[in-house]
1. Within the set of pairs 6 or more residues apart or between chains, which connect a residue that is β-branched (V, I, T) inside the range 13-42 to a residue that is more than 16 Å from ligand 1 (Cβ to nearest atom) with Cβ atoms less than 6 Å apart?
2. Inspect all residues belonging to the range 69-90 and state whether any of them is over 16 Å from the mean Cα position of the chain (by Cα) and within 16 Å of ligand 2 (Cβ to nearest atom).
3. Does the range 180-192 include one or more residues that are more than 14 Å from ligand 1 (Cβ to nearest atom), hydroxyl-bearing (S, T, Y) and either at pLDDT 95 or above or in a helix (DSSP H, G or I) (or both)?
4. Taking T216, is it out of contact with any helix residue (DSSP H, G or I) (no Cβ under 7 Å at 6 or more places or on another chain), of a type in the set (S, T, Y) and touching a residue at least 12 places away in the same chain (Cβ under 8 Å)?
5. Can you name the strands (runs of 3 or more DSSP E) wholly within the range 1-120 that have at least 3 residues being more than 16 Å from ligand 1 (Cβ to nearest atom) and more than 25 Å from E249 (Cβ to Cβ)?
6. Looking at the range 219-270, which of the residues that are of a type in the set (S, T, Y) and in contact (Cβ under 8 Å) with a residue 24 or more places away in the chain is nearest to F121 (Cα to Cα)?
7. Confirm whether D229 is surrounded by 14 or more Cβ atoms within 10 Å (Cβ to Cβ) and either over 16 Å from the mean Cα position of the chain (by Cα) or at pLDDT below 95 (or both).
8. If you check E202, E213, which single one turns out to be surrounded by fewer than 16 Cβ atoms within 10 Å (Cβ to Cβ), in a helix (DSSP H, G or I), at pLDDT below 95 and out of contact with any strand residue (DSSP E or B) (no Cβ under 9 Å at 6 or more places or on another chain)?
Amino acid sequence: MESKNILLAGLPAAGKSTYVTALWAVEKDGKSGHLLSCDGLPSESSYIDGMRDNWMVLKEVRRTAFAEPQEIVLPMKSLNTGEKISLVLPDFKGEVFLRILDNVVSENIREWCGKADGILFMLNLGNASPEFFQEEMSESAKPKVEMEVVMTSNDITDAIKNVLLLKFLWGEIGDCPISICFSCWDIRDVAEGLTAEQWVKENHPCIYNFIAEHFTDYRYFGISAQGADYQGLDEEHEDDLAEKTTRKERAFVYTDKKSFDITEPIDYILS
Ligand SMILES: Nc1nc2c(ncn2[C@@H]2O[C@H](COP(=O)(O)OP(=O)(O)OP(=O)(O)O)[C@@H](O)[C@H]2O)c(=O)[nH]1
Ligand SMILES: [Mg+2]
């Protein structure tokens, strides 16, 4: 069975682990009817099983702490072509990507860039600020008399951090298929009829322009891997979410409409 390596990338708290957890929880039994679904069980699943236990009962998956990426390998089958693949996704902790902006690149990242068939890029950005720099600069970056100003990743906005990370990945991997996924879509205030792509163009033009100029095959997705924010849920809402979990209708993606097929961003990269 052919392996397909998809680099799951994104800064800390971008929603990477929650997405792979929802993917496993929804697709595990192979009965979703989605574009991709599991075709048998992986040989090792303790890492994603642990996170799935939390996801099932509306608990946050824990922030990733391992120095090494946890590789998730899922045997999957395409609904449209019948093709069987071994899908490999690394769950890196976001700090590993953040440190790239300060020129610290881990061997694992280099290795993954060398073998990636495409990029699943996660971001958690709300409405953008157009400024390039943080309004409040950190003490280290404030100009000091007769001292060189040293900029670090702490001194730039989250949108620009994401552009710099995309620039690094493009430099290492080149022009490859990329799904750009804005997480926490359940809490976004998106005007009726606006597509995910239009929303990014309006709110994060620097990201939009960078992608358009460097990548040929790209698609934007809004993703809600939890289906809702877990803060302040009342009992009624929890019951509603539990029912949606059973129907596989809790997690969703959004392009120009809502879909419960959260494999769409991966299928886009593979097709
Ligand atoms: N409302 C909402 N919150 C989400 C969703 N997905 C993730 N979150 C929250 O976003 C935070 C970060 O999610 P993670 O999946 O741990 O992010 P990560 O990219 O794996 O973070 P690191 O492991 O630190 O790199 C957690 O508090 C999640 O509960 C979502 O679909 N909706
Ligand atoms: Mg994580």
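The values are calculated or read from the model by the stated rules, or taken from the named source; none is laboratory data. Just so it is clear, the model here is predicted, and its values are computed rather than measured. Glycine also receives a Cβ, built like all others from the backbone with ideal geometry; neighbour counts cover every protein chain displayed.
1. Hits for this filter: V26/S32.
2. No, that holds for no residue.
3. no
4. Judged against the criteria, T216 is a match.
5. Per the criteria, 2-9, 84-91.
6. Top of the filtered list is Y220.
7. When the stated conditions are applied, D229 does not pass them.
8. None of the others qualify; the one that does is E202.
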